[in-house]
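Taking it in order: structure first as structure tokens, then the write-up.
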């Protein structure tokens, strides 16, 4: 694979106001970007959260042992992993291979990604003295490998590259709990018991997320996603009081860059209206809420992304196809990006995702063609 030098732009000139201009011209016909903006497009675009890695044998072949943070810090390897699902599946967007905990790890908070566990924090956040550990991020000094990966990717991709960051609440939950949690008890205890300190922490993490996203877009990303994976653990009232202002600051802070902004969380059916109010162009929906109901909650002027249950992809193909057609019918075509309701499960057969992309691309709202791919065998995609 021939790659542009790590410091180069994708055939154009990088600016501080957005992605390289040549990249924007090359992606002018992108169905993904059109759907994000509610514009007319020929087919429903599709990509998958956690499409880079997880279930791909070619990923396991190149990644090797060790933390995924080691892979993220290797720009050539992270570039290759990001490209693998685009080659295999023919998806309409790539998502940067990284992790929402990369920025806090880079500023020295003491974070690792433990295999089979997830983010673990050596010394969790517990009081005011820990605020000083959440310092500002200098992207070129702290995470140069991320920008290098983005520049290499946009030199090779002919689909948009999605950058991302962890939303303040979700990152805070890892820092406070010290590892993944089902009930987020320590996080909620701090939020309710010392709301002023909790707000200070989220404010610093909002700055971190905003700096991260701006650096990714400046390097060439054509869209961004803010992952608030665990916001669904909150009541609407707590979300509005303690979380919404900080997520809004992040999303509004990247608005001037002119790229679509996606906002996603898990179990957030009761929060969809509030998440839309945070300012994203696209609201991600998990599998628990029909897209027709989500559209009513989100309101006009925003696209939807989702929302096939990831576990459905473990079923026989006919069941997968039936569930996917239901999602497409609910989505209604325009202003809908097909995705899973969360990330690809490691047990997923890549051939199923290949066929799923074909089915989505064959779909035409109101026409018979949307089911044409259901009986077709998956065709291998060349590199």
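No lab work stands behind these numbers, since they all come straight from the coordinates. Bear in mind that the values here come from a model prediction, so they are computed numbers and not experimental data. As a convention, Cβ positions derive from the backbone with ideal geometry for all residues, glycine included, and neighbour counts pool all protein chains shown.
The figures follow:
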| read-out | value |
| --- | --- |
| Value of [θ]222 nm, deg cm²/dmol, for the chain, DSSP H segments ≥ 4, -39500 (n - 2.57) each, nearest 500 | -12000 deg cm²/dmol |
| Folded to 0 to 90 degrees: helix 317-331 orientation relative to the chain principal axis, Cα | 70 |
| Cα-based helix-to-principal-axis angle, 144-156 vs the chain, degrees rounded to 10 | 10 |
| Using alpha-carbon coordinates, inclination of helix 350-362 to the longest axis of the chain, degrees | 70 |
| Overall Cα dimensions of region 286-328 - principal axes, largest extent first, Å | 36, 15, 13 |
| Alpha carbon convex hull of region 185-321, projected area averaged over orientations, nm² | 9.7 |
| In nm, spacing of pseudo-spin labels at residue 43 and residue 273 (7 Å Cα→C-beta vector) | 3.7 |
| Neighbour-count order for 107, 176, fewest beta carbons within 10 angstrom listed first | 107, 176 |
| Within a Gaussian network of the chain (alpha carbon springs, distance under 10 Å), most fluctuating of 318, 42, 156 | 318 |
| Segment residue 255-residue 189, extension gain: residue separation times 0.36 nm, minus the distance between their alpha carbons | 20.5 nm |
| Rough spin-label spacing in nm, given labels placed 7 Å along Cα→Cβ, for residue 138 and residue 288 | 4.3 |
| Least to most buried among 158, 138 (fewest other Cβ within 10 Å first) | 158, 138 |
| Theoretical FRET efficiency, 1/(1+(r/R0)^6), r = Cβ-Cβ of residue 25 and residue 76, R0 30 Å, to 0.05 | 0.70 |
| Net length gained if the chain between residue 329 and residue 196 were fully extended (0.36 nm per residue, minus Cα distance) | 43.4 nm |
| Stretch gain in nm, segment residue 114-residue 237, where the contour uses 0.36 nm per residue and the Cα spacing is subtracted | 41.0 nm |
| Residue of 305, 51, 296 that the Gaussian network model of the chain assigns the largest fluctuation, springs spanning Cα pairs under 10 Å | 296 |
| Whether region 239-296 is rounded, prolate or oblate, judged on the alpha carbon gyration tensor where a/c under 1.5 counts as rounded | oblate |
| Estimated FRET transfer efficiency (residue 158, residue 345; beta-carbon r; R0 22 Å; 0.05) | 0.20 |
| Anisotropy class of region 72-206 from Cα gyration tensor, a/c 1.5 cut | prolate |
| Inverse of mean 1/r across different Cα pairs in region 170-213, Kirkwood, Å | 10.8 |
| Kirkwood hydrodynamic radius (C-alpha pairs) into Stokes-Einstein, region 127-205, 25 °C and 0.890 mPa s, D in µm²/s | 165 |
| Proxy reagent accessibility, fewest Cβ within 10 Å first, across 41, 336 | 41, 336 |
